[in-house]
1. Of the conditions (1) exposed (fewer than 15 other Cβ atoms within 10 Å of the Cβ); (2) facing chain A (nearest Cβ under 9 Å), residue B:223 fails just one. Which one is it?
2. So residue A:121 fits all but one of (1) part of a loop (DSSP other than H, G, I, E, B); (2) outside the structural domain of residue A:165 (by the TED database); (3) aliphatic (A, V, I, L, M); what number is the exception?
3. Please find, within segment B:21-33, the residue that is nearest to residue B:193 (Cα to Cα) out of those that are touching a residue at least 24 places away in the same chain (Cβ under 8 Å) and touching a strand residue (DSSP E or B) at 6+ places or on another chain (Cβ under 9 Å).
4. Mind checking whether some residue in segment A:100-114 is of a type outside the set (Phe, Trp, Tyr) and farther than 30 Å from residue B:215 by Cα?
5. So which residues in segment A:140-163 are assigned to a helix (DSSP H, G or I) and either surrounded by fewer than 20 Cβ atoms within 10 Å (Cβ to Cβ) or over 19 Å from the mean Cα position of the chain (by Cα) (or both)?
6. Residues to consider are A:237, A:204; find the one that is under 22 Å from residue B:113 (Cα atoms), of a type outside the set (A, V, I, L, M, F, W, C) and surrounded by fewer than 17 Cβ atoms within 10 Å (Cβ to Cβ).
7. Restricting attention to segment B:83-99, which residues are under 18 Å from residue B:39 (Cα atoms) and surrounded by fewer than 19 Cβ atoms within 10 Å (Cβ to Cβ)?
8. Which one is nearest to the other protein chains (Cβ to nearest Cβ) among residues in segment A:109-130 that are farther than 18 Å from residue A:216 by Cα and modelled with pLDDT of 95 or more?
Number of protein chains: 2
Amino acid sequence: MLPAVANETVIVLIQNGLNIERPMFAAFPANVVLSGVSMIGASESRPGEVEQGFNDILYIGPFRNPSLDAEKERSAAQTFVKIYGAGGKTQCKYNADVGWTRWRKLVYNACLNPICAITDLDTGRIRLAEGAVEGLVRPAMKEIIAAGQASGYHLPPTIADDMINMDPLDLYLPPSMLQDLRKDNYIEYETILGEPLREGEKLGVPMPTLRVLYHLCQAIQWKNKEARGLVSVPPRGDFTAS
Amino acid sequence: MLPAVANETVIVLIQNGLNIERPMFAAFPANVVLSGVSMIGASESRPGEVEQGFNDILYIGPFRNPSLDAEKERSAAQTFVKIYGAGGKTQCKYNADVGWTRWRKLVYNACLNPICAITDLDTGRIRLAEGAVEGLVRPAMKEIIAAGQASGYHLPPTIADDMINMDPLDLYLPPSMLQDLRKDNYIEYETILGEPLREGEKLGVPMPTLRVLYHLCQAIQWKNKEARGLVSVPPRGDFTAS
């Protein structure tokens, strides 16, 4: 990425998760870094065939870098919104409070996403499955909402229901991590689950549900590594009954 | 089962889990009911081909029924031990404290068993997988040990390590629930996980790890029910972009 970034280059991270701007600030201390949060439901039903369930919306705003001019950051974000929306077919909105928007999306991504991946159930089925919403999804969301609150971001009281009911049930959307597992891809659990968990626990928020989900994802990721020969597994012993 | 049980019939439950004697006490109030806990590692490598990793041992003792004579119960258990071990090829031991033996086995069965099933990792791989033992297995086992303690059964301080290291790592044994999932069978999570969880929580023991594992198993079981057409799933909606 280094040679592609000039003095006035604006870097846009349209990626989920928390603290993703930190390595960018470190590598490009003089460049404006923008946050992009995309609200979209899409899945690859066949290789190369992407199905999009509803219209997406992209929220763009500056990751506040204390060593840069805030006005310059804001202006870069607004310029991007103008350019991206110019065709009239895309929805792109300026987003002043990037942290709030990221915590808001984490209510979905740190909770429903790993729960669907671990159980191999899409968002429709997880709502139908006995005990899953009340026993898993809601407790996990409560923890994320508390962690966001402790970080200074107050989410509305309807947020859990909003996120649970976001997609129509009968869309049966597999969230990204479930799609990745079904394609034997790595799962993106560190930025969307691990980082908010570490952030919340650092602030003293108890997050027992997310801790378990996190370690289950870690074990599942390890399996992906074994499939790629990246971890060594001793050969099977001989236990033939003597 | 009713017509098979006569006045003097002794019922032997060689089955895992907690409180399994209750329906038997209710249905056969005058019969001695024995507890059988089998310590065995076996898997069906091919249909009909059962591979046994090491010698099994069966613990037999009476489920104490307050309305029966304790001496009669003990004598029935000891008779069973004698008959079962008579051939000299099987190990069968009299077990005075049935509750202790059941909680001891639950340290393995309520923890390692669902964790392996949910992650699709055998007991060897779960020990190799990054973070799984310290992040999942040990916290779960601590909760079960505390629940057993609250129920009056004190397990030795080495119990978690004993259970984690029970099988040789390179035996790569899939515990029963993982074997069941791999064969698309129902999983036995209510008696070995749900019942100790309910028992522990009733006694005020916090069991956050086991709660999550329980609800994940419940969601996975629901998937098995869907596959058998036992739960109804509304048809997929039409969300073709308009």
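The values are calculated or read from the model by the stated rules, or taken from the named source; none is laboratory data. In this text, all values refer to a predicted model and were calculated from it rather than measured experimentally. Methodologically, a virtual Cβ is constructed for each residue, glycine included, from the backbone with ideal geometry; neighbour enumeration extends over all protein chains shown.
1. Condition not satisfied by residue B:223: (1).
2. (2)
3. So the first thing to find is which residues in segment B:21-33 are touching a residue at least 24 places away in the same chain (Cβ under 8 Å), and the list is B:21, B:24-25, B:27, B:29-33.
Checking which are touching a strand residue (DSSP E or B) at 6+ places or on another chain (Cβ under 9 Å) leaves us with B:21, B:24-25, B:31-33.
Numbers: B:21: 16, B:24: 20, B:25: 22, B:31: 27, B:32: 26, B:33: 22 Å.
Among residues in segment B:21-33 that are touching a residue at least 24 places away in the same chain (Cβ under 8 Å) and touching a strand residue (DSSP E or B) at 6+ places or on another chain (Cβ under 9 Å), the one nearest to residue B:193 (Cα to Cα) is B:21.
4. First, pick out the residues of segment A:100-114 that are of a type outside the set (Phe, Trp, Tyr): A:101-102, A:104-107, A:109-114.
Okay, now just the ones that are also farther than 30 Å from residue B:215 by Cα, so none.
Within segment A:100-114, not a single residue is of a type outside the set (Phe, Trp, Tyr) and farther than 30 Å from residue B:215 by Cα.
5. Of the residues in segment A:140-163, the ones assigned to a helix (DSSP H, G or I) are A:140-150, A:159-163.
Hits for segment A:140-163 are A:142, A:146, A:149, A:150, A:159, A:161, A:162.
6. On the way: A:204 fails: under 22 Å from residue B:113 (Cα atoms).
Only one candidate qualifies: A:237.
7. Of the residues in segment B:83-99, the ones under 18 Å from residue B:39 (Cα atoms) are B:84-85, B:88-99.
If the condition is that a residue be under 18 Å from residue B:39 (Cα atoms) and surrounded by fewer than 19 Cβ atoms within 10 Å (Cβ to Cβ), then B:84, B:85, B:88, B:89, B:90, B:91, B:93, B:94, B:96, B:97, B:99 are the ones that fit.
8. A:129
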